[in-house]
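Working notes, structure below.
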Amino acid sequence: MYQEEEEEQKPQKQESVSPLKYGLRYLKKYRTKLAFAIFWSILFAIIPMQVPIITGTLVDGLTMGNSSIDKPPLLLYGIIKVGTSQYEILSFSLISLMILAIAYGITSHLRISSKAIVSRNFAFELQRVLISKLEFLSLDIHTKHGSSDLLNRAIIDTNNLKPFVEATIIKSITNVVRISYPLLMLFVIDPFIALVASSILPAQYFIIKSLQSKISEVSKQLRNDKARLTMLLKEDLDGIETIQTSNAETYSIQKISKQIEKVEEAQVKGQRYYALMMGFAWGLTGLGIALTWWLGGLAVMSGDMTLGQLVIFSGFVLFAYTPVRRLTQVVKDHHRGIVAIRHIQEILETPSSIEEYECPTNLKITHGTIIFRNVSFSFNKKHKKNPVLKNINIKIESKRITAIVGSSGSGKSSILRLITRLYDPSEGQVLIDGQDIKNVSIKSL
């Protein structure tokens, strides 16, 4: 009867969501700061794209001759009057480039500051939540993962969330603008050459996409290998006295060295995939630029395009290719962040085996008598294999010294942990003055 009531009161485990959606949940409270970071990042991307327009207009102005008689004024974007003489055009270009330089510096500062604020707030928030979870997580979960693994999750994984925010959220949105704005300008200037130049982009994207899964696997392996290395080092330093008295230094060094080699192999493998992506990205970029100058040069010779327009066109081609090349680094940061969130999510979604009822009562001590009634305990609660304790019945009287004697591993420590409810029995009850400790609040216990 009691066990049936207990099962009814236990909360159902929530269905797990993807790491990306899980991370976005914690970003909601920082959406205003995130919006500012995205805004300044987009502005930071757009400002330098005005340089090809100004320089191309300057080239047209300097090559059209200095005579201003019956010559229409040169226009920037088709609406802003630049001037009719070479001096006016040169002066306008100088002032415009200086204004862009100042604006670029200001937006650079605001972009970096806003990104740092939102990424650190997000990382610190998850770190705080994770540490709070670890403080109240039952002892068996701590034993299962080990202190070194939990330490990696609380420090290393949370630190990897900072580039995740910048790469997955801010850079992804900014890259949409980085690609769409230059492509729009290219098709306005010359649709045919723009179509040829942009044909390189799908090839770059699909090559990078095909290598994503391999990079993700390497990122997982690298993270696990580093966690294993940290655990081995911690065990080695904690047991240094035993190692030295047993003359086991050589064995310990070999064991750690093998793990270091695994970490190194994973890092080299990841860098090879990254280098392969960069090689394809830069190679296709060079091909696209060569085609642009060849077709653009032919257009200039035939009079269909001015030299200044070719300068503007080639500048926007470079801007259109840049986000795809940067996607390689974005992919790397994204997968590293996803792996980090997955490890943090695993702990945060792990239910503690020690759970309170919704309305627990406070423990009331009258005498202090402790009774174990048909208590069995096993670390594997699902299958109840290899029980540490089986059908234990003990009465520990108050105001007396009770000694529990047994060989190592016989369950002495488990009995003490069952009384303080660091563990819950697989079967039976632990009573204090007739009160089942599962029904009282852990704080009062």
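The values are calculated or read from the model by the stated rules, or taken from the named source; none is laboratory data. All of these numbers come straight from a predicted model, not from anything done at the bench. Every residue, glycine as well, gets a Cβ built from its backbone with ideal geometry; the counts of neighbours run over all protein chains shown. Remember, those area values only see protein heavy atoms, side chains included, never the ligands or the DNA or RNA. Shrake-Rupley method; radii C 1.70, N 1.55, O 1.52, S 1.80 Å.
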Next on the checklist: Which of the numbered conditions does Ile170 fail, given that it passes all the others? Conditions: (1) in contact (Cβ under 8 Å) with a residue 24 or more places away in the chain; (2) open to solvent by 30 Å² or more (accessible area, probe 1.4 Å).
Outcome noted: (2)
Checklist entry - Can you tell me how many residues in segment 144-158 are open to solvent by 40 Å² or more (accessible area, probe 1.4 Å) and without any contact (Cβ under 8 Å) to a residue 60 or more places away in the chain? => result 2
Checklist outcome for this item: Of the residues in segment 203-213, those that are surrounded by 15 or more Cβ atoms within 10 Å (Cβ to Cβ) and within 18 Å of the chain's Cα centre (by Cα) come to Gln212
Checklist entry - In the list Pro19, Pro48, Pro52, which residue meets the criterion of being on the phi < 0 side of the Ramachandran plot, under 36 Å from the mean Cα position of the chain (by Cα), modelled with pLDDT of 90 or more and not aromatic (Phe, Trp, Tyr)? => result Pro48
Checklist outcome for this item: Restricting segment 107-122 to residues that are of a type outside the set (A, V, I, L, M) and under 16 Å from Leu43 (Cβ atoms), the one nearest to the chain's Cα centre (by Cα) turns out to be Lys115
Item to check | Some residue of segment 28-35 being within 30 Å of Ile117 (Cα to Cα), at pLDDT 75 or above, open to solvent by less than 30 Å² (accessible area, probe 1.4 Å) and not aromatic (Phe, Trp, Tyr) | outcome: yes
Checklist outcome for this item: Going through segment 72-100 in order, the residues found to be farther than 24 Å from Phe44 by Cα, modelled with pLDDT of 65 or more and out of contact with any Pro (no Cβ under 9 Å at 6 or more places or on another chain) are Ser85, Gln86, Tyr87, Ile89, Leu90, Ser91
Checklist entry - Looking at segment 160-254, what helices (runs of 4 or more DSSP H) fall wholly within it and have at least 2 residues that are within 26 Å of Leu150 (Cα to Cα) and not aliphatic (A, V, I, L, M)? => result 161-164, 200-238, 240-245
Checklist entry - Could you say which residue among Leu184, Leu161 is under 29 Å from Ile42 (Cα atoms), open to solvent by less than 40 Å² (accessible area, probe 1.4 Å) and of a type outside the set (Asp, Glu)? => result Leu161
Next on the checklist: Given (1) among the hydrophobic types (A, V, I, L, M, F, W, C); (2) in contact with a strand residue (DSSP E or B) (Cβ under 8 Å, 6 or more places away or on another chain); (3) exposed (fewer than 14 other Cβ atoms within 10 Å of the Cβ), identify the lone condition not met by Ile401.
Outcome noted: (2)
Next on the checklist: Return the pair list, or none, for Cβ contacts closer than 7 Å from residues in segment 190-216 that are under 23 Å from Leu307 (Cα atoms) and modelled with pLDDT of 75 or more to residues that are of a type in the set (Val, Ile, Thr) and part of a helix (DSSP H, G or I), at least 6 apart or on different chains.
Outcome noted: Ile193/Thr292; Ala197/Thr292; Ala197/Val317
Item to check | Test set (1) touching a helix residue (DSSP H, G or I) at 6+ places or on another chain (Cβ under 6 Å); (2) of a type outside the set (Val, Ile, Thr); (3) part of a loop (DSSP other than H, G, I, E, B) - Asp424 fails condition number | outcome: (1)
